[in-house]
Amino acid sequence: MTDEKIGNRNLVILGALMIQLCLGSIYAWSFFQTVLNGGIPPVGVYLWPGLSSQLPFAAGLASFALFMIFAGRWQDRVGPRKVATIGGILLGAGYILAFFVDTVAGSDPLLGTVYLIITYGIIGGAGIGFAYVCPIAALVKWFPDKKGAITGIAVAGFGAGALIFGYIEQILLTFFDVPATANIGKPMLILGIVYLILVVLGSQLLTNPPQGWFPEGYTPPKTTTFGYDNGMMPGQMIRTPTFWLLWLMFAFAATAGLMTLGNVKTASLAIDAATDGVVIVGVMSLLNAAGRIVWGATSDKFGRENTMILMFSLLAVGMFTFAWMSTVSISWLAVMGIASLIGFCFGGNFALFPSATVDSFGSENVGKNYGVMFTAYGIAGITGAFVAGPIVELTGSYSMAFMVTGVLAIIAVLLTIVLRAVLWRVFIFEVED
């Protein structure tokens, strides 16, 4: 490997982290959600219904997943730099346009919800979708010998983004006296400008290695590509049982994590009014970022399916414990511990599923294939919002919402056991063939 090639792939890591830090700010939505709800007890000028404050976040996640399909296909053709640059422009535009929400909506929550769904949700989410897949697709090609670990490092920035920008959002909301005054658009304007600059700059560092390049001394392992030596295309991939098992596992596990991330501040305040929302979201985000690295590296050593079984099991424990905490009086520090466990497990999804996609379907079309796989995350964003919103409105507590998502985590464990059996059958078939 030449010095130039070593430098290139290190610069790709730097660009990936710059981009992912900004994209991960979507996980800090709970700060905006809390002020739109008026907090606990409700105060201020907004006082939006619970579901209304959930929908922009859900729309952002769904748009993120939908546009990632197109981004994956496009970046496989033209490379990661151009596509990620478009993502930065769209992300910045979504937030900048959201600046006008108070002017457009006035005191009407319905108008405000629709406007934020379009700007923050659809436009901003599209920007995340275009930019997100590019660093991952580039890095698994530069580091085929460390797919789990390098993907974990890349997407750790996404988890850490909520920690960093969560603090920034809280500072901006306090500075503009939100929710006492109708100024929620002003923090979004400032954030939009920052995201536009940083993502576009980070995108310029993304490159692909030369065709057929591998690190010195590395021999590619055999993948379970069902006989397709050059890797599978999305149309071939979706006709395999492996894809659908992975997709369902991703959807169920992500629903649990996203429901928690989108509601953790409000849910914690409902348990303990003394909750420090900035700290609890920050620590959960930090563990979210760490989980991406730890679970990714663990899966390189012990196997994807074994790691998934352990991770989903711990996620289920966290969800059921949070459900119990929602029914008792307990310190917010204990809540923070369980929320951090959930964040730690949730973060692992974004190291394990890209790596599992490459393992099963090859790296040649990873942008296209992971874009399709990632639709599970978009569905999870919608189901997470609808699990939390209506159930909490109906029951007045988050307990049942966490019970439901705990069951989904258990189902993900069972599906992983089935997947392992399927992969063994495929491997034996290809060896015999």
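So the values come out like this:
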{"quantity": "Degrees, to the nearest 10: 375-395 long Cα axis against longest axis of the chain", "calculated": "30"}
{"quantity": "Relative exposure of Ile382, Ile280, judged by other C-beta atoms within 10 Å (fewest first)", "calculated": "Ile382, Ile280"}
{"quantity": "In degrees, nearest ten, helix 332-361 long axis to first principal axis of the chain (Cα)", "calculated": "30"}
{"quantity": "On Cα atoms only, tilt of 277-302 relative to the major axis of the chain in degrees", "calculated": "10"}
{"quantity": "Fewest-first sequence of Met18, Met325 by Cβ atoms within 10 Å of each Cβ", "calculated": "Met18, Met325"}
{"quantity": "Cβ-based exposure ranking for Glu305, Glu216, in which fewest neighbours within 10 Å come first", "calculated": "Glu216, Glu305"}
{"quantity": "Value of D in µm² per second that Stokes-Einstein yields for the chain, Kirkwood Rh from Cα pairs, at 37 °C (0.692 mPa s)", "calculated": "153"}
{"quantity": "Cross-link table Lys82/Lys147; Lys265/Lys368; Lys186/Lys265; Lys147/Lys368; Lys301/Lys368; Lys82/Lys141, entries beyond 29 Å C-alpha to C-alpha", "calculated": "Lys265/Lys368"}
{"quantity": "Net charge contributed by nearby residues that have their C-beta within less than 11 Å of Ala149 (K/R +1, D/E -1)", "calculated": "+2"}
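FYI, it's all coordinate maths here, none of it is from the lab. Worth saying up front: this structure is predicted, and the values here are computed from it rather than measured. Every residue, glycine as well, gets a Cβ built from its backbone with ideal geometry; the counts of neighbours run over all protein chains shown.
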